[in-house]
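Comments concern the structure below.
The values are calculated or read from the model by the stated rules, or taken from the named source; none is laboratory data. Since this is a predicted model, take the numbers as computed values, not measurements. Neighbour counts run over all protein chains shown; Cβ positions are idealised from the backbone, glycine included.
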Amino acid sequence: MPGVYRIRTREFVYDVSVTKDEQQPLSYRYCAHLSHMENIHDGQSPAVSADVSDAFGPTVTDAMRVLADHVDTWRRSREASPR
């Protein structure tokens, strides 16, 4: 069902907006968009700017799963880059 979902994965909490477009082909019917992300650290939760592509799928679950993969890829690249 389209709406807004709050997800927690490892040290991040993020909000996902899911929309449905009946005009799109089935594989693009649902769009999951990262709308806000925070990094939970020592009781603090500062906002994080994450460059994560929207994800699409034939169901809400599929679109959310693809977005979770995008977030995981972003997180791993962030951990690998020198600070």
Query raised in the report: Do we find that VAL71 is in contact (Cβ under 8 Å) with a residue 12 or more places away in the chain, buried (at least 16 other Cβ atoms within 10 Å of the Cβ) and in a loop (DSSP other than H, G, I, E, B) in this structure?
Result: no
Query raised in the report: Residues in region 34-47: is at least one within 23 Å of ARG76 (Cα to Cα) and among the β-branched types (Val, Ile, Thr)?
Result: yes
**Report entry** Verdict on VAL52 being under 9 Å from the mean Cα position of the chain (by Cα), without any contact (Cβ under 8 Å) to a residue 60 or more places away in the chain and at negative phi
**Finding:** yes
**Report entry** Of residues in region 12-59 being assigned to a strand (DSSP E or B) and among the small types (Gly, Ala, Ser), the one surrounded by the fewest Cβ atoms within 10 Å (Cβ to Cβ)
**Finding:** ALA47
Report summary line: Given the conditions (1) modelled with pLDDT of 95 or more; (2) under 11 Å from the mean Cα position of the chain (by Cα); (3) not in a strand (DSSP E or B), every one holds for ASP62 apart from (2)
Requested in this report: Please specify each residue of region 49-59 satisfying the condition of being of a type in the set (Asp, Glu) and either closer than 14 Å to PRO2 by Cβ or modelled with pLDDT of 95 or more (or both).
Outcome: ASP54
